[in-house]
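Just so it is clear, none of the values below were taken in a lab; they were calculated from the coordinates. Just so you know, these numbers come straight off a predicted model, no measurement behind them. Every residue, glycine among them, receives a Cβ derived from its backbone with ideal geometry; neighbour counts consider all protein chains shown.
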Amino acid sequence: MILHIDMDAFFASVEQLDNPELKGKCVLVGKDSGRGVVAAASYEARKFGVHSAMPVFQAKKLCPQAVFVTPRKGRYAEVSRRIMSLLFEFSPLVEVVSIDEAYVDVSGCDRLFGSPGQTAELIKTRVFESTGLTCSVGIAPSKFLAKIASDMNKPDGQYAIAPEDVPAFISRLPIGKVPGVGRETRRILSGLSIEFLGDVLKYSESLLVDRFGKFGRRLFSLAGGTDLSKVTTHTPVKSISTERTFARDVGDKRLLAEYLKRQAEEVGRQLRRKKFRARTVTLKMKDSGFRQVTRSITLSSPTQSSETIYRSAAGLLDAHRLEKSLRLIGVGAAGLVSGQVPVQQDLFDGPGQTNASWEKIDRTMDKITTRYGAGSIRKGK
């Protein structure tokens, strides 16, 4: 049996814990700006229909009395580390999914902590005693169902799906609850008269794969209750990215390139700190009409150079026809490889122009910044 531990309105709850004056109020974590988004909403605010990732202007219309709090990433990470380390006391198989959720495989732990339900109750008690925060726990034979279950009785709740109840539960699970089913996929599934996950089995796996690709195969597997994904103690980093939403739409490519330069430096810094190199650079753009476009390029050799990332992203921007001004731009690095890898040298590049040379420059700048602080050294335009 697997437990899914999900902290309740984590960021907002930490703010209410640290500032008792916020208890009982509609707390929204995020910057109170026209282009900002809500990072987290307290349950008091959720009663008004506000949720995370909602644009701030929309949240303020729904909940005018909301109190905005600037995010404190360091504080949230500190509390998260305390919670995750506590989970390892119950099982060696803990998969940390994000800052506020994790899976715990408690198979075979009955003699130590009792049944999965008793173990879940004990975890909830220990988390509250240690942090003053509540969490909700889902209990099921698979990760997928455990995650669904943790959302069934929030906040500070617990819900279990016994193995013998899996077929009945799947047959009445709304398809929109399945992770990965967004608005467009939901529309297509509705056209196939698929309203519940169990309805998926009305169709063959080959038809679903033809319609939805790999996701169709996963849908078929989940509908049959055969999700075999294991709880793994280490989830490899697949990508590193950063993005920015502008206060006002930007249509000047030269100005957009300046933002890309800063973002590329941040992505490169993270790659070097985590000892990764990237094979692919991705440019993300969202225009004033909320249309999102991504463009990617595969490099001839993996890199952790901020300059190489910037030039790749800037090249993608230059090649893109900008029909509308952008409200958001971002840079990502994917296809990550760890450790030292052979770097192809360019026969015709001059000194200081190769990827390897830029990596040396970046590492030197990292040392200076670490010693003397951010902004102590910068690249020219």
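The table below gives the values:
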item: Burial order of peptide ranges 302-311, 176-185 (average beta-carbon count within 10 Å, highest first); result: 302-311, 176-185
item: Relative counts (whole %) of C-alpha pair distances in segment 18-88, using bins that are 10 Å wide; result: 21, 45, 27, 7, 0
item: Simple label model, 7 Å out from Cα along Cβ direction - THR370 to SER241, nm; result: 2.8 nm
item: Calculated on alpha-carbon atoms, Rg and Dmax of segment 167-223 in Å; result: 10.0, 27
item: For the chain: relative contact order, % (alpha-carbon pairs under 8 angstrom, 6 or more apart); result: 13 percent
item: Karplus-derived 3J(HN,Hα), 6.51/-1.76/1.60, for each residue of segment 155-163, Hz, glycine and proline x; result: x, 6, x, 8, 8, 10, 10, 6, x
item: Share antiparallel - DSSP beta bridges, segment 23-118, percent rounded to 5; result: 70 percent
item: Distance violations [Cα-Cα > 23 Å] among LYS31/LYS60; LYS154/LYS286; LYS25/LYS47; LYS261/LYS324; LYS214/LYS324; result: LYS154/LYS286; LYS214/LYS324
item: Normalised contact order of segment 1-156, rounded percent, pairs of Cα under 8 Å and 6 or more residues apart; result: 30 percent
item: [x] 26, 49, 20, 5, 0; [y] 28, 52, 19, 1; [z] 22, 53, 25, 1, with the label sought being that of the calculated P(r) over Cα pairs in 20 Å bins from 0, in percent; result: [z]
item: Stretchable slack from ARG295 to GLN65, in nm (0.36 nm times residue separation minus alpha-carbon distance); result: 78.8 nm
item: Of PRO179, LEU86, SER130, farthest towards positive along the dipole that unit charges on Lys, Arg, Asp, Glu beta carbons give the chain; result: PRO179
item: Residue-span extension gain [LEU17 to PHE48] - 0.36 nm each, minus C-alpha spacing; result: 9.0 nm
item: Net charge of neighbours whose Cβ lies under 15 Å from the Cβ of LYS25, counting Lys and Arg as +1 and Asp and Glu as -1; result: -1
